[in-house]
1. Rank-order D:247-253, B:211-217, C:204-210 by packing density, defined as the average count of other C-beta atoms within 10 Å over each peptide's residues, highest first.
2. In square nanometres and to one decimal, what's the mean projected area of the convex hull around the Cα atoms of segment A:79-125?
3. Within segment B:139-171, list the residues whose amide N lies under 12 Å from a label point set 7 Å along Cα→Cβ of residue B:133.
4. Count, for each residue of D:118-130, the Cβ atoms from other chains sitting within 10 Å of its Cβ, then give me the mean as a whole number.
5. R0 = 51 Å: FRET efficiency of residue C:218 with residue D:59, Cβ-based, nearest 0.05?
6. How large is the Kirkwood hydrodynamic radius of chain D, in angstrom, based on all distinct alpha carbon pairs?
7. Under a plain spin-label model, where a point goes 7 Å from the Cα along Cα-to-Cβ, how far apart in nm are residue C:135 and residue D:131?
8. Distance from the Cα centre of segment A:13-91 to that of segment D:157-236, in angstrom?
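Please treat every number below as a calculation from the coordinates, not as lab data. Every value quoted in this text rests on a predicted model; they were computed, and no experiment measured them. In this analysis, Cβ positions are derived from the backbone assuming ideal geometry, glycine residues included, and neighbour counts consider all displayed protein chains.
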């Protein structure tokens, strides 16, 4: 299966992240209809209600918008919103964890900043 | 009441057998076959019914072995018939019921006395009735009369032979005929039918009616019969 | 998904069709038992010897009494059989309730009785033919179907009713056993105990009375009424008793 | 609309309560997982829903009717379990034909295709099948019948991993095409977790929890760290499971009432916070003691 079922994150979170990636990768353009909950359920072999929950996260964040009876569509600024969100949340959380781990390993803040600076940035971002 | 016990024993045997067959059949069921079990049962059962129907046809067209030529007889009249015969004989009127005369003999005898002897058996299977003639013609006339005999409502008179008569030296020898054996089978209705047709339920009611046999002797007027073996000689009273 | 509406008669009909197939093994045991009974009957069911000095008469009787009796017992056993778990629970795989299950069982037993009645009567012809051709060397007195067609019909009908009565009895007995295993001991004990007691007292008791009640009834209409009422009572008893019976594995 | 409404349901078997005052509701067109230990009363509950057995006390209604002796309920419910009493005289093909005659929505084509896919010989008899094949056949019956309420009791028992996977997929696809209410009882929660919408957790005949399966993942968290520190942190929490690791380390599962900042502070205090998988959580929740099997060996 595509998802890590025993994973730490609930399936619907993983699903919403996967959809975000799809949008980021350009598989869905603005105003394009995205997968329905049933399509997603079939693709990932999950309960449609769970799939709907994943879609609803994105709808709540206004990355998707609903058209009654037609399904969900990608908003214009979806990519930007996703990027902003990830910066805000994901990166922040990761930094938090790094700082924590650094504390445990008795790495000073300066040392840590130095490590970040020297980290190879090439592949990850582009 | 006691008759039920063997019935119950059979019942128990049957129940055990039935359960065993059911088990065996059950085990048989699980075999994989080209045809489904229920269809096989259907075929086997149809085959069974077909055999039964063929038997019905065979039974109707069955040519031989059936008791044929045996007339039916109304058993109710038989008893009266035999009493009538006896009474008529004693009254000397036997000749008037001549239709049941089976056999006649006639012997010449010149003596004054005649021993009557039953040979072989102790008794003669017929009543002996004697009529004295009005003259002495040196002739003994014998006739054997018999009413109809029946078994289970069928006339078997023809199957009984008349007795044997012979004049030997100074004696009339009487002997029963060679016994005739009749064996036959009867197919009766099942109890669930008999119950409604008035037949005896669960029992096979047999009746045998031997009929009346009379040996009628007409002897010369002055001949004296000597009963050697104790058969009852009945003389017709004459005025 | 929208709900399905079903009617009792419809379900009973389907269950009946299903049971004809699913319970088909009982017809194999019917054939077996009837053939066995025919075999037992080959020796005759009775005889008579009589005669006088001039004639000896020996009569041997044949009839399909055994076949009929065996078939009645078959009905009894079949009815018990279909109340056992292995068969009873078959219904509960598919659409059913206890009423429809009981009704379709009753209709099935009615059919089985009818088939049993017909074959029991017809098997007397098998018996005849075997006796004619293979057994008997003496003349046989019998009536063919053409001579007495009504007797055959009467036989089929009354035998069918008898079998059905035994089915009803078996069904009640089987149901009681399903309710409590204690009845497997109690019922035979009561039956045989009653018989033995009657035997000791030298009087005929309830069992003999019941026996006479049916088997000596010479009026067909009365017989029909007796059977229908008794079978009806026995079945209703079984229906009422089994209506709360749970399905246990 | 509630398909099943259950209020104070109790079932007594020979003195012991298989179900004890159980109450819940099951909504239409949801797949619910019925989870519990052996002997928790799962099968008993399903049998009552299917109308096979009668409740001792309380009330259970299926489609607003009491299922025991209800023909309407029976026509709209199919119950598949591993002790199915299918008639021995019929082969698989005939069994499917019979089922088709009873269920108006029966999908003949689906049944035939599934039979073919799982290489079941239609001329074979049910009794001759292996345990896994019996389960497979039950599944075919359950899916093809397309009844509004389908009950699967341990549907995958005896199936090998490949067939189990196929079964889950087949179930989901048919459910998406023909939504209906399905209840699955299973030991393999981790396998069916994603199929489920709701989960009904029973323990000793009582309802423990009834919630969307998605919520279950966030319902509790695992804390691992120094025993003393953990003890401090879990003092006023609802502890679900504890286990000691090494000399002074502990793993404790508690209800997840932690706020973001609280979690942060815990982490700073040296506690590892990890999510608990749904199946682990169910094991913890349904176990008799908080320490699980370890308690047996911890005599002190």
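1. Result, highest mean Cβ count within 10 Å first: B:211-217, D:247-253, C:204-210.
2. Reported value for the Cα convex hull: 3.8 nm².
3. B:139-142
4. On the way: counts 0, 0, 0, 1, 1, 7, 4, 7, 1, 4, 4, 1, 0.
Partner-chain Cβ atoms within 10 Å, mean over residues of D:118-130: 2.
5. Numbers: r = 57 Å, r/R0 = 1.11.
E(calc), rounded to 0.05, equals 0.35.
6. Working: mean 1/r = 0.0475 Å⁻¹.
Final number for the Kirkwood radius of chain D is 21.0 Å.
7. 5.4
8. Taking the Cα centre of each part, segment A:13-91 and segment D:157-236 sit 25 Å apart.
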